[in-house]
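Asker: Could you have a look at this structure, given as structure tokens, before my questions?
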Amino acid sequence: MGIQRRLLLEQIDLLNNCELGKKVMRGAKPRSVEQFREQVPITTYADYSPYLCEQIEDALPEKPMFWLRTSGRSEGQAFKWIPATRRQYEELGEAFLAVLIFASCKGRGDIVLEEHDKLLYAMAPPPYVSGSWSRRAAEEKIFDFIPPLEEAEKMEFEERLVQGFRLALAEGMDMLFAIAGVLVVIGEQLGQGWDLRRILPMWNKPRLILRILKAMGKSKLARRSMLPKDIWSLKLLVAGGTDSTVYREKIKNMWGRYPLDVYGSTEGVMLAMQTWDYESMTFIPHINFLEFVPREEYLKWEIDPTYKPDVFMLDEVIPGETYGVVITNFYGGALVRYFTGDMVRITSLRNEKLNIDTPQMLFDSRVDGVIDIEGCVHMTEGTMWQAIENSGLQYQDWVVKQEEGKKPRIHFYIELKGGAEIDTGQAAIAIRKQMGQLDPFYCVLEDMRDLEVEVSLLPCGAFTAYISKQRAAGADLAHLKPRHVNPSDDIVDFLSNPFPPSAVEEGSAELVRT
């Protein structure tokens, strides 16, 4: 808390002397942490958009080094621009290196990383925040990126992934940082099997052939399909995304180790990370001033924007409670008491096993990634995703909507892999059972109101067709896929009928190409 307070006082001085600070603080000129928290209101992106959307740098607390673009959606906008200062960028380097150390070590003082270890970076490129992580790490000249960063940033994301894994097959790979879903897809594709006909064209790459033959031998001995862990013995694996918890065990089975989970955002850069016990995450205290709005207080504020919610500091949170995250950037950043839209759950006040004396957390949900039933059950995207995963369905992707009716109803729209057919009634029962095991309050509500769960199957290729439509419309990488929870009716209608009769032949051909 000493670090939090000291850096906030430095930031307050910068805010008091810039146009943006005066605007978002409503003319207040706080001189202490207490005055700041009492006088300055909670903000959203709407408070900043006149300055940040136009990238008016003279109004900011400190001149930015570059601008980052969010992957999310904002009030009436496709994405948000966030400035990043030189000092924020410098701090990011140490935080990123800490992630790699935690992901590779087994305890205090255990350093296994070496110079020229090969790191395959399968995250989004600049101007997304993950791209700035890679640039900052590359400046240290410790690791070798595959593909080389100067080449990778010129490629489309999908092209970079393909080229990266080709190089990893030929040259080896020590470290991997990727979205959890990418890790699962790669594992499943390798599991489809290799045979001699696929290896023969690679005769001029002996190291690659040897690597594949060894992997085939391991999988044969284990009497199963080939998995990534047969090909690479990774020193570390880091995963991002809301699905990292859902796929945790599957990734461990495929890649031979658990992925380290990191909680970051464009607005806050990096807020928390797991350590070497791979359990709850530890907050990073020196990048943002951290405040927390209890879920009940957030709901009151959402209904009445004039309501002033109770807000707690890091040393005031309560284990078991869920909070909305509020951040104030340090080091000349632009955001002031900014509500991120993320909800986190405090699991404990300290990590007893590792003697880390700060609160521990898990990511809970986005505020718009929740189905709220009867005001007492909050089914998060992660919970519903986990229920689908645990149900045993071989799914490609899914969306869910809360639909009105005489009874509360949750309607899942699911595309199965390979266009398989199932009994949707049985699928609904399986998902409902898993939801009950994951959230005991769900069972209570189901008994009280006979809550309905419905499953509808989407045509094979529905999500691929949606991605193709978005790409053709010029959508950027972050907006190619629909949101999982409560997408618009137009999106559900498209997914349900992605290939109208007049375009079936053309659409099918595009699906094959994709």
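The values are calculated or read from the model by the stated rules, or taken from the named source; none is laboratory data. If you're wondering where the values come from, they're calculated on a predicted model, not measured in any experiment. Here the Cβ is made from the backbone with ideal geometry for all residues, glycine too, and neighbour counts use every protein chain on show.
Asker: Suppose we keep only residues that are surrounded by fewer than 22 Cβ atoms within 10 Å (Cβ to Cβ) and over 16 Å from Arg224 (Cα atoms) within the range 248-259. Which one would you say is nearest to the chain's Cα centre (by Cα)?
Answerer: Arg248
Asker: While we're on this one: Checking the condition over 17 Å from Leu237 (Cβ atoms) and not in a helix (DSSP H, G or I), which residue from Glu115, Glu151 passes? Reasoning before the result, please.
Answerer: Working: Glu151 fails: not in a helix (DSSP H, G or I).
None of the others qualify; the one that does is Glu115.
Asker: Only residues in the range 44-55 that are at positive phi count as the first member; pair them with residues that are not in a helix (DSSP H, G or I), Cβ under 9 angstrom, at least 6 apart or cross-chain, and list the lot.
Answerer: Once the first residue is at positive phi and sits in the range 44-55, its partners that are not in a helix (DSSP H, G or I) give Gln55/Pro64; Gln55/Trp67; Gln55/Trp81; Gln55/Pro83.
Asker: If you don't mind, another one. Of the conditions (1) within 23 Å of Leu68 (Cβ to Cβ); (2) of a type outside the set (S, T, N, Q); (3) buried (at least 21 other Cβ atoms within 10 Å of the Cβ), Ile388 fails just one. Which one is it?
Answerer: Of the numbered conditions (1) within 23 Å of Leu68 (Cβ to Cβ); (2) of a type outside the set (S, T, N, Q); (3) buried (at least 21 other Cβ atoms within 10 Å of the Cβ), the odd one out for Ile388 is (1).
Here is a yes/no grid of residues against (1) modelled with pLDDT under 90; (2) among the polar types (S, T, N, Q):
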site: Glu321; (1), (2): no, no
site: Gly332; (1), (2): no, no
site: Asn351; (1), (2): no, yes
site: Val370; (1), (2): yes, no
site: Glu374; (1), (2): yes, no
site: Lys406; (1), (2): yes, no
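Asker: Can you tell me which of Leu20, Leu9, Leu14 is in contact with a Phe, Trp or Tyr (Cβ under 8 Å, 6 or more places away or on another chain), farther than 20 Å from Gly240 by Cα and modelled with pLDDT of 95 or more?
Answerer: Answer to the check: Leu20.
Asker: Could you tell me whether the range 440-461 includes any residue that is at pLDDT below 85, closer than 16 Å to Ser391 by Cβ, in contact with a strand residue (DSSP E or B) (Cβ under 8 Å, 6 or more places away or on another chain) and crowded, with 16+ Cβ neighbours inside 10 Å?
Answerer: yes
Asker: Sticking with this structure for a sec: In the range 10-69, what residues are part of a loop (DSSP other than H, G, I, E, B), among the aliphatic types (A, V, I, L, M) and surrounded by fewer than 16 Cβ atoms within 10 Å (Cβ to Cβ)?
Answerer: Across the range 10-69, the qualifying residues are Ile56, Met65.
Asker: Let me ask you something else. Taking the range 275-320, which residues are among the charged types (D, E, K, R) and touching a Pro at 6+ places or on another chain (Cβ under 6 Å)?
Answerer: Glu297
Table: residues versus (1) loosely packed, with under 12 Cβ neighbours inside 10 Å; (2) more than 22 Å from the chain's Cα centre (by Cα).
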{"site": "Lys106", "(1), (2)": "yes, yes"}
{"site": "Lys118", "(1), (2)": "no, yes"}
{"site": "Met123", "(1), (2)": "no, no"}
{"site": "Val129", "(1), (2)": "no, no"}
{"site": "Ile142", "(1), (2)": "no, yes"}
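Asker: For Asp357, which of the numbered conditions (1) in contact with a Lys or Arg (Cβ under 6 Å, 6 or more places away or on another chain); (2) surrounded by 18 or more Cβ atoms within 10 Å (Cβ to Cβ) fails to hold?
Answerer: Result: Asp357 fails condition (2) only.
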